[in-house]
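All of the numbers you see were taken from the coordinates with simple rules; none came from a lab. Just so it is clear, the structure is predicted and the values come from calculations on it, not from any experiment.
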Amino acid sequence: MSTTAKTLIDAYVREYTLTFPLEWSAFLRSNKEKLSRSTDSFGEISGSDLVERKLFEMPETLYAILDMKLSKDDFQWFRSREGGQWFARRYPAFRTSERT
């Protein structure tokens, strides 16, 4: 995907963290707690039979911003495996595991 999508996502994430600081800090605390309960670097939780794992989580507000402001093609790329991996590597605070 073009660097345009990545540039736009960077701008929207930055805008979100500045516009919604309380929600952002609550999300960070919550995600840190979830990571601390992981039993391995891939984010597996003891007793879970999950086969598919999420690369990252994000607040609903940020997801809505990306959904509304990105073009259809850019948003589809963001939701793809490639886009998800890029996002998880670019923004470790959103990861659901230590490794992507």
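Tell me whether segment 60-100 comes out rounded, prolate or oblate; compute the Cα gyration tensor, take square roots of the eigenvalues as a ≥ b ≥ c, and use a/c under 1.5 as the rounded threshold. Before the final figure, lay out the partial values.
On the way: a/c = 3.05, a/b = 1.55, b/c = 1.97.
The shape class here is oblate.
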Applying the Karplus parametrisation 6.51 cos²θ - 1.76 cosθ + 1.60 with θ = phi - 60° to the phi angles of segment 66-74, what ³J(HN,Hα) value in whole Hz is obtained for each residue in order, glycine and proline being reported as x?
-> 5, 4, 6, 9, 7, 5, 4, 5, 5
In sequence order, calculated HN-Hα J values of segment 76-88 (Karplus, 6.51, -1.76, 1.60; Hz; x Gly/Pro) = 5, 4, 4, 7, 6, 4, 4, x, x, 5, 4, 4, 5
